[in-house]
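These notes are about the structure you will find just below.
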């Protein structure tokens, strides 16, 4: 064998470790690599993941991809509209991998809010779906209720309804009760970061649902009222009773609870949104029209977090 012609091993071409896909959008905070996982059968939800989370994170992302159309269809049913396309990235938001890092997006519509971030929740993908719905529901508010206590309570109820309350540790109503039950029925708090005002909204909507007013009736009515709307006005519009009766009747109902306020659904009014898993669906032809906002929504909403957790 000639020394001038050494035998060399044949190099095999490396196979790509993940599928190629559309370029990721600019995320609200995530700056890492966005690994494309896939697009849902309807074409409405495109999922990415932080590859550094390895198999547990990828499993969360794949489970979200498989569940995304069910969540989007349930969200449409709640608001009575057809949402637009969104992208979502699963990563260790707030350095957490148990869902407590919460979720985030920008504006509350499908134009400025279509890039959604959700915390990974290793071994419990239902929490990832719930976090996704919390932000998706705010997009369906179409610029209304964004950054308001009413909108925050509604989005958390939407998340609970599609996930069998997978975010029970995010509950704020018990804290509201412990803090003396301040009245956020007759006034709306212009923040989504106050556990007392959010908690009041959660308990009030639980009461309304226990009276037979389902979430798909409540959500459109709240959106129609807009930022300045109050829960008392919601009560008046749905019941035809005077708005002034909302707070005293709600308080009487609270006092009658045998165990007090121990969860976000103290009246047991929740009824899960029943939607069959969607497979092989085509993108809705009217999605672009339904997604348009009357005005560009300024990003007033803040990151969804459990009570007492600080932004990392």
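This table checks each residue for (1) surrounded by fewer than 24 Cβ atoms within 10 Å (Cβ to Cβ); (2) in the same structural domain as residue 249 (by TED's automatic domain parsing); (3) closer than 15 Å to residue 68 by Cβ.
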| site | (1), (2), (3) |
| --- | --- |
| 95 | yes, no, no |
| 111 | yes, no, no |
| 118 | no, no, yes |
| 128 | no, no, yes |
| 136 | no, no, yes |
| 153 | no, yes, no |
| 156 | no, yes, no |
| 173 | no, yes, no |
| 181 | yes, yes, no |
Next item on the list: Could you look through the range 138-151, keep only residues that are at positive phi and surrounded by 24 or more Cβ atoms within 10 Å (Cβ to Cβ), and pick out the one that is modelled with the highest pLDDT?
Entry: 145
Notebook entry, point to check: When you go through (1) more than 15 Å from the chain's Cα centre (by Cα); (2) at pLDDT 95 or above one by one for residue 215, which number turns out not to apply?
Noted result: (1)
Item checked: Every pair of residues 6+ apart whose Cβ atoms lie under 6 Å, when the first sits in the range 86-102 and is at pLDDT below 95 while the second is outside any loop (DSSP other than H, G, I, E, B) and buried (at least 24 other Cβ atoms within 10 Å of the Cβ) -> none
Notebook entry, point to check: Can you spot a residue in the range 267-278 that is in a loop (DSSP other than H, G, I, E, B), within 20 Å of residue 184 (Cβ to Cβ) and modelled with pLDDT of 95 or more?
Noted result: yes
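Yes/no per residue for (1) touching a residue at least 12 places away in the same chain (Cβ under 8 Å); (2) assigned to a loop (DSSP other than H, G, I, E, B); (3) out of contact with any helix residue (DSSP H, G or I) (no Cβ under 6 Å at 6 or more places or on another chain):
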{"site": "157", "(1), (2), (3)": "yes, no, no"}
{"site": "177", "(1), (2), (3)": "yes, no, yes"}
{"site": "184", "(1), (2), (3)": "yes, yes, no"}
{"site": "189", "(1), (2), (3)": "yes, yes, no"}
{"site": "221", "(1), (2), (3)": "yes, no, no"}
{"site": "244", "(1), (2), (3)": "yes, no, yes"}
Next item on the list: Report those strands (runs of 3 or more DSSP E) wholly inside the range 16-100 carrying at least 3 residues which are more than 27 Å from residue 308 (Cα to Cα) and within 17 Å of the chain's Cα centre (by Cα).
Entry: 45-49
Checklist line | Given (1) part of a loop (DSSP other than H, G, I, E, B); (2) in contact with a helix residue (DSSP H, G or I) (Cβ under 8 Å, 6 or more places away or on another chain), index of the condition residue 258 fails | finding: (2)
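The values are calculated or read from the model by the stated rules, or taken from the named source; none is laboratory data. Quick caveat, the model's predicted, so the values are computed rather than measured. As a convention, Cβ positions derive from the backbone with ideal geometry for all residues, glycine included, and neighbour counts pool all protein chains shown.
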